[in-house]
1. Hand me the list of strands (runs of 3 or more DSSP E) wholly inside region 199-302 holding 2 or more residues that are in contact (Cβ under 8 Å) with a residue 24 or more places away in the chain and buried (at least 20 other Cβ atoms within 10 Å of the Cβ).
2. Check Arg240, Arg246 and return the single one that is more than 28 Å from Ile142 (Cα to Cα) and modelled with pLDDT of 95 or more.
3. Is there a residue in region 326-336 that is surrounded by 16 or more Cβ atoms within 10 Å (Cβ to Cβ) and out of contact with any strand residue (DSSP E or B) (no Cβ under 6 Å at 6 or more places or on another chain)?
4. Quick one: is Ser127 buried (at least 20 other Cβ atoms within 10 Å of the Cβ) and either assigned to a strand (DSSP E or B) or touching a residue at least 60 places away in the same chain (Cβ under 8 Å) (or both)?
5. Is it fair to say Ser46 is assigned by TED's automatic domain parsing to the domain that holds Ala77, over 21 Å from Phe103 (Cα atoms), polar (S, T, N, Q) and at pLDDT 50 or above?
6. Looking for whichever is modelled with pLDDT under 85 and surrounded by 10 or more Cβ atoms within 10 Å (Cβ to Cβ) here; the options are Asp404, Asp392, Asp353. Which one fits?
7. With respect to the numbered conditions (1) at pLDDT below 90; (2) touching a Leu at 6+ places or on another chain (Cβ under 6 Å), which one is the sole condition not fulfilled by Phe79?
8. Considering only strands (runs of 3 or more DSSP E) fully contained in region 43-96, which possess at least 1 residues that are within 18 Å of Tyr107 (Cα to Cα), over 47 Å from the mean Cα position of the chain (by Cα) and of a type outside the set (Lys, Arg)?
Amino acid sequence: MASALTVLLLGSWLSGHSGVWGEPSYPKPNIYLSPSRAVSLGGVVSVWCRGQHRGVQFVLNKERRHFLPVDTDDFEAVFPISNVSREDGGSYSCSYHSRSEPFNVSYPSDPVELVVRDPSLPRPSISLSPTGVTAPGANVTIRCQGQRRDVRFFLHKAGDLNPQRHVDPAGDRAEFHIPTVGWQHGGRYSCSYRPQSEPFVSSEPSDSVKLVVAEPSYPKPNISLSPSGGVSLGGAVNVRCQGQHRGMRFMLNKERRHFPPVDSDGFGAVFPISNVSREDGGSYSCSYHSRSEPFNVSYPSDPMELVVRDPSLPRPSISLSLTGDTIRCQGHRRDVRFFLHKAGDLNPQRHLDPAGDGAEFHIPTVGRQHRGNYSCSYRPQSEPFVSSEPSDPVQLVVAVAPLDFTNANVARLGLGAAVLLVLGLILAEAYYSRPRGAP
């Protein structure tokens, strides 16, 4: 009996004082790195450990590394690491205990990884497929391309501290698949890699790509130019984007061109372009999103072309055939594409790649709807959004067809009149032949 009591008392003492089980009144601390979990070689990082008791001693733990414990009168302690080396990379945890009871230790914190970036490793590249605004539910692939094969790739999303791992690609690149895209997947992504032989040494991250998910409740906006119909070099033009929601942030999109977004308290926004250059010509679209959800975006507007007129290009001439069914446009160079414009119609009729220095626009069956003033212009094949000034206009007049009094038509008219006369006689005879007093 005494022996059993001794064993029970000894077990109670061990459970209260052994660092194996820990003291229940000492919850595990939190650990984090500042300024981030990744630091370049030679940089500085601090490991912070925060508990729930004051006046304790904190201990930092890393395999094959010893850190001096830190006494603090506060709830947390900091372990600075200066001139970071490759050996500093690894998994860290911390714990704490009472100064008076060094074997009465808290449970260790969750581990945190310190990754050391080596600028001598070539940065990878990243690409997104499909590009542009992605419809909800679509399948998206993010590809990361490196220059070595013995690596492991990591995908990073801005604001998310936990990279998505792609383990051991077969070649020098990795693919990260998002099978059914939702609003939560929108954001900026980058990737990095780590050599298999040094799992806590990383390349610098790639440039970022933006995954934008369309918001079905945001109808696509309308886009327009003011003034419309083109602008000359050195001039000014406004691109207007009109949506169906107030208080949105509008974005103007053009390949190889960035425009700062515009916040609007109304339904639309204006993007002014002053001192227009040849590079401003191109295809534009716009979209909008809530200011609080920048990656849930409307579908883009229909594209709109901005054509820049270059006064140094000689103006073409225009002529109309005698029958009015052919409009000829004559230029001064062969490497151009001609366009026919009708006053009041914003969509030019394109004539692709003429064989010479002129183009012919045929109207197979001329009707009243073709009446109007026409002009033409051309654009060099090498600069598809740079145009000459338009030619002088020509007027296409469609005459109203006169009445045709040929013998056949006279016969038809006579027959019609005879039929009407017979019908009139029949009605008159029926009227006068009825009995008197009949209703």
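The values are calculated or read from the model by the stated rules, or taken from the named source; none is laboratory data. On a predicted model such as this, the values are computed, not experimentally measured, just so you know. FYI the Cβ positions are ideal-geometry reconstructions off the backbone, even for glycines, and counts take in every protein chain you see.
1. 209-214, 237-242, 248-254, 268-273, 282-290
2. The unique qualifying residue is Arg240.
3. There is no residue in region 326-336 that is surrounded by 16 or more Cβ atoms within 10 Å (Cβ to Cβ) and out of contact with any strand residue (DSSP E or B) (no Cβ under 6 Å at 6 or more places or on another chain).
4. For Ser127, the condition - buried (at least 20 other Cβ atoms within 10 Å of the Cβ) and either assigned to a strand (DSSP E or B) or touching a residue at least 60 places away in the same chain (Cβ under 8 Å) (or both) - is not met.
5. Criteria met by Ser46.
6. Exactly one of Asp404, Asp392, Asp353 is modelled with pLDDT under 85 and surrounded by 10 or more Cβ atoms within 10 Å (Cβ to Cβ), namely Asp353.
7. Among (1) at pLDDT below 90; (2) touching a Leu at 6+ places or on another chain (Cβ under 6 Å), the lone unmet condition for Phe79 is (1).
8. Ranges flagged: 56-62, 70-72.
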